[in-house]
Amino acid sequence: MGKTSYVIALGSNRRHRRYGAPDKILAAACGALAEHGVELLDVAPTFRTAAVGPAGRSFANGAAHVASALDPVAMLHLLKRIETDFGRRRGRRWGPRVLDLDIILWSQGSWTSRGLTIPHPGFRMRRFVLDPLISIAADWRDPLSGQTIRQLRTRLASRKPVDHRRGAA
């Protein structure tokens, strides 16, 4: 496979003993991607977002547009390795975390395999994902809906808030 591009969502709401505050962790995570041969094409500014569920502290959220020869499964494995290297421990859903890295979009469209679905199934309804994406991929089209990130964000802004833990309005 030749180089393809991905949009990766980044999040953190816990300090790291080496990197410090969550926004610094996101910057260090981008550095870790580059150290593993992933080309950083663009990086979104960091957004502060209220926690969903039991995570407690607010999150620093961002996104990176990257290029790599890795296929989606290999990219997912790299992201999980970086999370682990940063001290991420698997735990409860929606809990606090040092680093969260998710593949949101892939330049080749959609992908489904065991443990991985691209585009990320929940990204269309998550402002904390769409807000950073606007600055680096506003015109990128969701391969399932055909809408741009800008259109998805506008549509979400006009809706009533959703409790993502229950999927209820």
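Only the coordinates and a few stated rules stand behind these numbers; no lab work does. Note that this is a predicted model, so its numbers are computed, not measured. Note that we place each Cβ from the backbone using ideal geometry, even for glycine, and neighbour counts take in every protein chain shown.
Here's how it looks for residue 111: its modeled amide H is under 5 Å from those of 118, which are all 5 or more places away or on a different chain.
3J(HN,Hα) couplings calculated from phi for segment 63-71 with the Karplus curve 6.51 cos²θ - 1.76 cosθ + 1.60 (θ = phi - 60°) are, in sequence order, 7, 9, 9, 10, 10, 6, 7, 5, 6 Hz; Gly and Pro show x.
Short to long, the 5 Å bins of the Cα pair-distance histogram for segment 4-157 hold 2, 10, 20, 24, 22, 15, 7, 1, 0 percent of all pairs.
Between the alpha-carbon centres of segment 65-89 and segment 129-143 there is a gap of 20 Å.
Look at 35, 83 and count the other Cβ atoms within 10 Å of each Cβ; fewest to most, that gives 35, 83. Count Lys and Arg as plus one, Asp and Glu as minus one, and take only other residues whose Cβ is under 9 Å from that of residue 134; the net charge is then +1. Taking the average, over residues, of other Cβ atoms within 10 Å as the packing measure, peptides 109-119, 145-155, 129-139 rank 129-139, 145-155, 109-119 from highest down. For segment 135-140, backbone phi angles converted through the Karplus equation (6.51, -1.76, 1.60; θ = phi - 60°) give residue-by-residue couplings of 6, 10, 8, 4, 9, 5 Hz, Gly and Pro being listed as x. Shown is the FRET efficiency for residue 18 and residue 158, computed with R0 = 45 Å from the Cβ-Cβ distance and rounded to the nearest 0.05: 0.60. Between amide H atoms placed 1.01 Å from N, distances below 5 Å from residue 106 occur with 7, all of them 5 or more places distant or on a separate chain. Distance from the alpha carbon centroid of segment 146-160 to that of segment 1-51 works out to 24 angstrom. Segment residue 127..residue 107, full-extension length gain: 5.1 nm, with 0.36 nm per residue of separation and the alpha-carbon distance subtracted.
Close amide H partners of residue 63, meaning residues 5 or more places away or on another chain with modelled amide H under 5 Å apart, are 10, 44.
3J(HN,Hα) couplings calculated from phi for segment 107-116 with the Karplus curve 6.51 cos²θ - 1.76 cosθ + 1.60 (θ = phi - 60°) are, in sequence order, 5, 8, x, 10, 8, 9, 8, 4, x, 8 Hz; Gly and Pro show x.
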